[in-house]
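Report on the structure given below.
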Amino acid sequence: MIKESRHPGRYWHRLENDRIQCDLCPRDCKLREGQRGACFVRMRQDDQMILTTYGRSSGFCIDPIEKKPLNHFYPGSSVLSFGTAGCNLACKFCQNWDISKSRDMDRLMDQASPDAIAIAAEKLLSSSNTLRPLAAAL
Ligand code: SF4
């Protein structure tokens, strides 16, 4: 089990009623000390907004590009997918509900710093015939 992240969150402001409001998505969560937002991964701690999932991932996978919401984008190629726990939506048909609504994130997540993900992507790119660098393709 890895340690929970306490990464400083951005995009929030203080309200007059002793709450802080997250400005990251349209839910505009207004939090008291110790509360989490609807996404469950941003929370108020020590009077600041923090992100509890920074540098942590719930899974990595090489997917066919056709699984992504991209139309005719390098058909037949592959893409490195990764994600984190939590979601600000609440779709009743969510196929990833065990991750998106998980309250057991510490057990589910692996360490995944942005640098480590970039290094993994470069390694995969150099060893794959089908993986495409998105930046180079745009
Ligand atoms: S759901 Fe999460 S990202 Fe959206 S406003 Fe609330 S705390 Fe911020």
GLU16 passes all but one of (1) away from the ligand (no atom under 16 Å from the Cβ); (2) at pLDDT below 85; (3) of a type in the set (D, E, K, R); which number fails? (2)
Positions within the range 29-67 being free of Cβ contacts under 8 Å to residues at least 24 places away in the same chain and assigned to a strand (DSSP E or B), in sequence order: LYS30, LEU31, ARG36, MET43, CYS61, ASP63, PRO64
Quickly run through the range 32-65 and pick out the residues that are aliphatic (A, V, I, L, M) and closer than 17 Å to GLY86 by Cα. ALA38, VAL41, MET43, MET49, ILE50, LEU51
What's the total number of residues in the range 71-100 that are among the aliphatic types (A, V, I, L, M) and closer than 30 Å to ASP28 by Cβ? 4
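The values are calculated or read from the model by the stated rules, or taken from the named source; none is laboratory data. Keep in mind the model is a prediction, meaning the values are calculated, not measured. Neighbour counts run over all protein chains shown; Cβ positions are idealised from the backbone, glycine included.
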